[in-house]
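What follows is a short report on a single structure.
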Amino acid sequence: MVEVRALAVVVAGGALGASVRYLLSEQFPNIWTVAVINIVGSLLLGVLVATLGPDRLSRLFLGVGVLGGFTTYSTFAVDAMQNPASAVLYVTATLLPALVAARIGMAVGEYLHGRRRREPA
């Protein structure tokens with residue numbers, strides 16, 4: 001059974017994230033915009049994973065919704081297939097930095113989360 005509140009926060013977050021991605025893609029219309037969006041989204045997801053506590057609705061809204069709507073690996077795949085001359089460069093220049101960005105984001109999030117726990121209330 002679908003939990004209505006969970007679905008609502010994913011839908012709202014997805015609409016927000018996808019809208020931001022659309023606006024950026026319209027402002028900067030080339031395949032490298034999608035690469036940057038996916039790398040930044042990976043970094044932010046890494047931070048979220050390390051800092052968000054047990055609040056399920058926040059994780060659903062920000063992670064699945066906002067960042068799920070913001071990043072777009074389906075467009076990334078289509079762009080790679082439509083640009084065969086640069087596909088290897090495009091895939092490499094997107095996936096490797098996205099993985100590194102996610103790990104950096106997790107490290108930043110772990111640092112911030114640990115720092116928050118040490119600060120006096």
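A compact table of results
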read-out	value
Flag if V49 is surrounded by 15 or more Cβ atoms within 10 Å (Cβ to Cβ) and touching a Gly at 6+ places or on another chain (Cβ under 6 Å)	no
All helices (runs of 4 or more DSSP H) inside region 8-100 with 1 or more residues being of a type outside the set (G, A, S) and over 29 Å from Y111 (Cβ atoms)	31-51, 73-82
Positions within region 39-68 being under 8 Å from the mean Cα position of the chain (by Cα) and under 28 Å from V2 (Cβ atoms), in sequence order	G41, S42, L44, L45, G63, V66, L67, G68
Subset of region 11-38 [β-branched (V, I, T) and either closer than 16 Å to S74 by Cβ or under 14 Å from the mean Cα position of the chain (by Cα) (or both)]	V20, I31, T33, V34, V36, I37
Failed condition for T72, given (1) more than 14 Å from I39 (Cα to Cα); (2) within 12 Å of the chain's Cα centre (by Cα); (3) of a type in the set (S, T, N, Q)	(1)
Sole exception among (1) within 19 Å of L7 (Cα to Cα); (2) touching a residue at least 40 places away in the same chain (Cβ under 8 Å) for L112, by number	(1)
Selection status of A77, surrounded by fewer than 19 Cβ atoms within 10 Å (Cβ to Cβ) and more than 30 Å from L7 (Cβ to Cβ)	no
Region 1-26 residues that are surrounded by 14 or more Cβ atoms within 10 Å (Cβ to Cβ), paired with ones that are outside any helix (DSSP H, G or I) (beta carbon under 9 Å, 6 or more apart)	G17/T71; A18/T72; R21/T71; R21/T72; S25/T72
Some residue of region 65-73 being among the polar types (S, T, N, Q) and at pLDDT 95 or above	yes
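The values are calculated or read from the model by the stated rules, or taken from the named source; none is laboratory data. The structure presented is a predicted model; accordingly, all values stated were derived computationally and were not measured. Cβ: placed from backbone, ideal geometry, glycine included. Neighbour counts: every protein chain shown.
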